[in-house]
Amino acid sequence: MEKAKGTNCNFNEQEMSKFCTNFHRTIEFIGKRWMGMIIYQLLSGPKRYYELMESIPSISDRLLTERLRDLENEGLIIKKALVPSQRKVEYELTPAGKQLETVITSIFDWVKNRESME
C-alpha cells in the first residue's frame, strides 16, 4: 500500500478501514453546526455560558447547551463549578480538547483564504 504524501503512516486494509471510520466520525463531530466556533472560543481560556453566548452570534440557548454537552461527553471540555451552589459554572478545554487547536485554527485560516478569493 502506498503511503500518503507528508505522512509517516503505513496502514494495512483493516487499519485503513478503522482509521477512515474514526476520521469520518471526527470530521462529522467537529463539523456540527457551531461546534468549531465553540471550540475556537474556548482556545483562549475558560468561558462562562453567557460569554460563549455573547461571542457566538445567532446560536440558540438550546443548541449551545447541546453542543457543550456533546463536548463534555467526548471528554473535550470540563464544566467547573465556580461557587458551591453549582449555579455558576465555566467551561474549559481538556488536554484532548486543546489538541484540536491546530485543526481548528487551520480550518479557520482555510475558510478565510477561500473567502478572500471570492
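No value in this document is a laboratory result; all are computed from the given coordinates. Worth saying up front: this structure is predicted, and the values here are computed from it rather than measured. Note that each Cβ is placed from the backbone with ideal geometry, even for glycine, and that neighbours are counted across all protein chains shown.
With a 10 Å radius around each residue's Cβ, average the other Cβ atoms per peptide and rank 34-42, 18-26, highest first. If you can, show how the numbers build up before the last one.
Working: 34-42: 19.7, 18-26: 10.8.
In descending order of packing, they fall as 34-42, 18-26.
Extension gain E51-T26, at 0.36 nm per residue separation less the Cα-Cα distance, in nm? Before the final figure, lay out the partial values.
Numbers: separation 25, 0.36 × 25 = 9.00 nm, distance 2.60 nm.
Taking 0.36 nm per residue and subtracting the Cα distance, the gain is 6.4 nm.
Relative contact order of the range 33-117, please, whole-number percent, based on alpha carbon pairs below 8 angstrom and at least 6 residues apart.
This gives 32 percent for the range 33-117.
Just the Cα atoms of the chain: what Rg and Dmax do they give in Å?
Values for the chain (Cα only, Rg and Dmax): 17.2, 57 Å.
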